[in-house]
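The structure appears below as structure tokens.
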Amino acid sequence: MKKYFNNHSVPISLYFNKKYCEKLRSGAKKITIRIAGKRLPKPGDLIYIVCGGLILGVARVTSVVFKPLRSLGEYEVKEEGFNSLEELLEAIKRHYPGIKEDALIAVIRFEWEKKFNPPISEPEYFRGTQYTPEQIAKMALENLNLTEKEREVLIAVSEEGSIRAAARRLGGLEKRGSVRRILKRAVKKLKEKEII
């Protein structure tokens, strides 16, 4: 586990709703569909698979294919672990409200490199600290020189109590990646100051 956990060549995480954890662990879900233009991994990249606040393991991206949403078909239905195209499209529209049929999406295929058993909890994700995201945010606000954006995000985490709730407050679940990146920077600075 440590080999992957401390490996700085794993720069990107893909985050999933907890309802997909079993499909991911069993291998039924082999792809994920994301809006193009976001920070996306490239073929060959190692990525953390994070589901419901737990890191399930490390996977390698095998392909990234860009296409309009309307061109999704039975291949994506099967590889996503859904029963029908309608079910898949409903799930995408719940995650990305207002998405148009001609929106460009990325179909990211991945294969497991290492599954963590048991999965790593979210606090451990922040480089092995024993602190929750809320605690990290409060320590950073009290001890670090922060940008206006960092302060806004960390206040949201400290007041809302979780990354998910903070992201919702800041504009939507798609903000989770930004919240996590700011928390990781805060952890690094707190360690440099020997506060944690």
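Where a number appears in this text, it was derived from the coordinates with a stated rule and is not lab data. As the structure is a computational prediction, the values presented were derived from the model and not from experiment. Positions of Cβ are backbone-derived with ideal geometry, glycine not excepted, and every protein chain shown enters the neighbour counts.
Here is how the numbers come out for the structure above:
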| quantity | calculated |
| --- | --- |
| Nearest-20 debye value, the stretch 126-192 charge dipole, Cβ charges on Lys, Arg, Asp, Glu | 340 |
| Top positive-direction residue, dipole computed over the chain with Cβ charges, set Thr62, Ile163, Val77 | Thr62 |
| Other-chain or far-sequence residues with amide H under 5 Å of Ile105's (modelled H) | Ala36, Lys67, Leu69 |
| 222 nm mean residue ellipticity, helices alone, for the chain (DSSP H n ≥ 4; -39,500 (n - 2.57); rounded to 500) | -11500 deg cm²/dmol |
| Extension reserve of the Lys42-Ser178 stretch, reckoned as 0.36 nm per residue once the Cα distance is removed | 47.1 nm |
| Length gained when the stretch Glu148-Ile195 is fully extended (0.36 nm per residue, less Cα-Cα span) | 14.8 nm |
| Residues Tyr131, Tyr75, sorted so that the one with the fewest Cβ neighbours within 10 Å comes first | Tyr75, Tyr131 |
| Nitroxide proxy distance, nm - points 7 Å out along Cα→Cβ at Ser84 and Tyr131 | 5.0 |
| Extended-chain gain in nm, criterion 0.36 nm per residue less alpha-carbon gap, Arg168 and Arg70 | 32.5 nm |
| Percent breakdown of C-alpha pair distances by 10 Å bin, ordered from the shortest bin, for the stretch 2-121 | 13, 47, 33, 7, 0 |
| Phi-based couplings in Hz for the stretch 60-75 (Karplus 6.51, -1.76, 1.60; Gly and Pro marked x) | 10, 6, 9, 6, 9, 10, 9, 7, x, 3, 5, 8, 4, x, 5, 4 |
